[in-house]
1. Please work out which one of (1) surrounded by 17 or more Cβ atoms within 10 Å (Cβ to Cβ); (2) among the small types (Gly, Ala, Ser); (3) at pLDDT 85 or above is the condition residue 105 fails and give its number.
2. At pLDDT below 90 and under 30 Å from residue 198 (Cα atoms): does that describe residue 5?
3. Output the qualifying pairs, or none if there are none: Cβ atoms under 8 angstrom, residues six or more apart or on different chains, first residue in region 170-192 and farther than 18 Å from residue 98 by Cα, second residue at pLDDT 70 or above and hydrophobic (A, V, I, L, M, F, W, C).
4. Which numbered condition in (1) more than 12 Å from the chain's Cα centre (by Cα); (2) at pLDDT 75 or above; (3) not in a loop (DSSP other than H, G, I, E, B) is the only one that residue 24 fails?
5. Evaluate the following for residue 85: is it small (Gly, Ala, Ser), farther than 22 Å from residue 11 by Cβ, modelled with pLDDT under 80 and over 19 Å from the mean Cα position of the chain (by Cα)?
6. Answer yes or no: is there a residue in region 57-79 that is part of a loop (DSSP other than H, G, I, E, B), touching a Gly at 6+ places or on another chain (Cβ under 9 Å) and either modelled with pLDDT of 80 or more or surrounded by 14 or more Cβ atoms within 10 Å (Cβ to Cβ) (or both).
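The values are calculated or read from the model by the stated rules, or taken from the named source; none is laboratory data. Predicted, not measured: the structure shown is a model, and the values here were computed from it. Don't worry about glycine lacking a Cβ; one is built from the backbone with ideal geometry, like all the others, and counts go over all protein chains shown.
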Amino acid sequence: MNAWQMSIWCWVIFVVGMIGMLPALIFGVPGLVAEQVVTWAAFGYGMYLSTVVIRGGDKRLARNGVPGTALVLSADQTNTVVQEGEFAWEAPYVWKYGLEVTVPGWQPYKTMLYICASLSAGETVPVRVARFNHKRVTIDRDAYNKQYSERGNPARDGRPAEPSDDFGADATAAEPDVADELAKLAALRDRGILTDAEFAAQKAKLLAR
């Protein structure tokens, strides 16, 4: 289960818990302590996942997770923003990335990553993976910034990425070159990583930009 799915479940538990506590709130009937603890714990963890992990990556997982790499199979901008500034237009969009994760000693597998960061289909990025929940991954931003400070990121219109303490803050700032993106997608299709249908869908999204 990835961080996005976990956050959704936290909000579901919170809403259900609040509904269960309505009699106590309306009529003053004592509620179950355990129910209240679970409800507010779900709220707190849901807020953490939504405003911290999805906003800038899971820092705890980046420190303690298993190192690996991930090939970006697809990149889709969602309509969800994570509020940061005073005004809504200052908030970065959440991007949905399809990844093929490779960790030494493990079989490669696919998962989804939701994060406010600008990545490109065909790009390989360093990641950290949860030891028991392999679907939960985050970008290893220290390794990522080091990687792209030493050499330019060819997926980002030829400009090198500068190291930043606020990884992913420029989620909407960089637009990759369409021709390069198409070439990388074609290479993924030729290697059998993307199906013809997936290739066609990603191609249509690129041409529609």
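1. The failed condition is (1).
2. Details: at pLDDT below 90: yes; under 30 Å from residue 198 (Cα atoms): yes.
Yes; evaluated as a whole, the condition is true for this residue.
3. Cβ pairs passing all conditions: 178/206; 178/207.
4. (2)
5. Details: small (Gly, Ala, Ser): yes; farther than 22 Å from residue 11 by Cβ: yes; modelled with pLDDT under 80: yes; over 19 Å from the mean Cα position of the chain (by Cα): yes.
Judged against the criteria, residue 85 is a match.
6. Here is the first cut: in region 57-79, the residues part of a loop (DSSP other than H, G, I, E, B) are 57-58, 65.
Right, trim to touching a Gly at 6+ places or on another chain (Cβ under 9 Å) and you get 57-58.
From the residues that got through so far, the ones that are either modelled with pLDDT of 80 or more or surrounded by 14 or more Cβ atoms within 10 Å (Cβ to Cβ) (or both) too are 57-58.
Scanning region 57-79, I find at least one residue that is part of a loop (DSSP other than H, G, I, E, B), touching a Gly at 6+ places or on another chain (Cβ under 9 Å) and either modelled with pLDDT of 80 or more or surrounded by 14 or more Cβ atoms within 10 Å (Cβ to Cβ) (or both), so the answer is yes.
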